[in-house]
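Trainee: Dropping the structure in here first, questions after.
Every number in this text was worked out from the coordinates using simple rules, so none of it is lab data. Note that the structure is a prediction, hence the values are computed from the model and not measured. Here the Cβ is made from the backbone with ideal geometry for all residues, glycine too, and neighbour counts use every protein chain on show.
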Amino acid sequence: MKTAIISGVTGQDGSYLAELLLSKGYEVHGIMRRLSSFASGRIDHLVNSNPNFHTYYGDLCDGTSITGIISDIQPDEFYNLGAMSHVKVSFEIPQYTLEANAVGVLIVLEAIRKFSPHTKFYQASSSEMFGVPGVPAPYNENTPMIPQSPYGVAKLAAYHLTRQYREGYGLFATTGILFNHESPRRGGTFVTKKISQAVARIKNGMQDSLVLGNLDAKRDWGWSPEFVEAIYLIMQQEKPGVFVVATGETHTIREFVEEAFSYVGLDSKDYVRIDDKYKRPNEVPLLIGDASSSKKIGWEPKMKFHEIVHAMIDYDMEHLNDK
Ligand code: NAP
Ligand code: G4F
């Protein structure tokens, strides 16, 4: 039985990846933070029912816990999905963002190097590492990376640490540069989920309006359950490297809003307001990916933009009273 550790197992991708690995016969060890309220809603169904799923308290900012878990389990694979993943919030807590998203990666890599060098390591890199306007699109692993947020800077540092441990120490340290990917499990403060939840609530008379920031930015939105399949494939390659995971299609936030409202028969102009508090000091105006590197290893996206919008709204319509 293969063993894997997932950091960030309580998150969107972590929960789908845990399901995928369990379905492939893995023993899965998830690292979760101790919080004062419950954050395990996405994995409760696994905790209670699957004997091959185990959880541990740990924090990427706490070397003792992470090093202890790695040296005890010495897994075949470590998927590093844990991160302070909100770009706007990273402007408000930049130091913590660097600690969790960059120093945290160093802690994991050092623990693997010292106590479990056979462990394959996957780093969750992000298209937010790109960001300069005027660079020819679509973006791939050779595109210049000049991030526009503390989040992007931290992810770029982690990207280079992963490369350096791969090249310097010969570790299987691999990475996927993933463009935005969504699902019903997306956190409620990311724009897609904020829109889909609001549309469901407005349609049912539970909310009057939706307040957003910049509607002109463009994002390449994919489907999280498909993107974790790419992550798994990247880890199964003979050699570690850099792989871009994207749909190759881009849409403005405005298009997402319009598609969402029109799906339930409403006009977005009647409900959407703009407030500068949701805008960022720096914005990445355009993201569109060239996923040739992932296509070469047999991965292709299937869910289309409008299907993603509709699936998220359908879910939120059915779960109106969920917290
Ligand atoms: P998410 O839903 O926000 O999940 C993030 C996970 O990281 C949560 O389980 C969170 O735990 C955990 N975490 C946060 N700080 C931590 C810390 N200090 N120590 C340990 N765990 C910590 O994010 P996601 O969408 O699943 O994304 C997964 C990874 O891919 C992240 O690294 C993200 O930056 C990266 N990424 C995401 C996208 C995307 O579009 N989704 C694109 C590119 C890259 P709590 O539940 O306790 O908060
Ligand atoms: O949904 P977002 O917050 O995602 P963002 O910033 O693109 O980051 C996500 O994707 C990255 C990959 O490219 C990941 F690495 C990262 O972890 C995260 O998953 O914002 C998308 C766009 C931005 O341009 C933002 O300015 O939507 C715009 N936006 C407009 N109004 C808003 C809002 N974003 C949020 N969160 N909330 C708004 O009210």
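Trainee: Search the structure for amide H atoms under 5 Å from the amide H of V272, placed 1.01 Å from N in the peptide plane, and list their residues when 5 or more places away or on another chain.
Mentor: L210
Trainee: Here's a follow-up. Testing the spin-label approximation: label points 7 Å from Cα along Cα→Cβ at H306 and Q74. State their distance in nm.
Mentor: Using points 7 Å along Cα→Cβ, the separation is 5.5 nm.
Trainee: Under 5 Å between amide H atoms, partner at least 5 residues away or on a different chain: which partners does V264 have, H built in plane at 1.01 Å?
Mentor: When sequence neighbours closer than 5 places are left aside, there are no close amide H contacts.
Trainee: Just order 182-193, 45-56 by mean Cβ neighbour count inside 10 Å, highest at the front, would you?
Mentor: Per-residue Cβ counts within 10 Å, averaged per peptide and sorted highest first, yield 182-193, 45-56.
Trainee: Mind pulling the angle between the C-alpha long axis of helix 305-318 and the longest principal axis of the chain? Nearest 10 degrees, somewhere in 0 to 90.
Mentor: 80
Trainee: What size of dipole, in debye to the nearest 20, comes out for the chain about its Cα centre when the only charges are +1 on Lys and Arg C-beta atoms and -1 on Asp and Glu C-beta atoms?
Mentor: Dipole magnitude for the chain comes out near 400 debye.
Trainee: Here's a follow-up. Just grab the label-to-label distance for R254 and Q207, each label 7 Å out from Cα along the Cβ direction, in nm (one decimal).
Mentor: Simple spin-label model gives 2.2 nm for this pair.
Trainee: Based on other C-beta atoms within 10 Å, arrange I5, I313, I297 from fewest to most.
Mentor: I297, I313, I5
Trainee: Another question, if that's okay. Arrange the following residues from fewest to most other Cβ atoms within 10 Å of their Cβ: M145, M303, M129, M206.
Mentor: If I rank by nearby Cβ atoms, fewest first, I get M206, M303, M145, M129.
Trainee: Still on this structure: Using Cβ contacts closer than 10 Å as the measure, can you line up M317, M235, M1 from fewest to most?
Mentor: M1, M317, M235
Trainee: Can I ask one more? Across the stretch 185-280, how many lysine pairs separated by 8 or more positions, or lying on different chains, have Cα atoms within less than 30 Å?
Mentor: Value for the stretch 185-280: 19.
Trainee: In percent, what relative contact order does the chain have, based on Cα pairs under 8 Å that are 6 or more apart in sequence?
Mentor: RCO, the chain: 18 percent.
Trainee: Taking the Cα centre of the stretch 1-148 as origin, sum charge times position over the Cβ atoms of Lys and Arg (+1) and Asp and Glu (-1), and report the length of that vector in debye to the nearest 20.
Mentor: 80
Trainee: Continuing with this model, one more query. Pull up all non-local amide H partners of E182: gap of 5 or more, or a different chain, and H-to-H distance under 5 Å with H placed in the peptide plane.
Mentor: Under 5 Å from the amide H of E182 lie the amide H atoms of G222, W223, S224, each far enough along the sequence or on another chain.
Trainee: Hey, another quick one. Taking Cα centroids, how far is the stretch 106-136 from the stretch 35-50 in Å?
Mentor: 26
Trainee: Helix 253-263 versus the longest principal axis of the chain: what angle, 0 to 90°, nearest 10, using Cα atoms?
Mentor: Roughly 60 degrees between the two axes.
Trainee: Sticking with this one: Of the beta bridges DSSP finds with both residues in the chain, what % are antiparallel, to the nearest 5?
Mentor: 5
Trainee: Could you tell me how many degrees, from 0 to 90 and to the nearest 10, lie between the Cα long axis of helix 150-169 and the main elongation axis, the longest principal axis, of the Cα atoms of the chain?
Mentor: For 150-169 against the chain, the angle is about 30 degrees.
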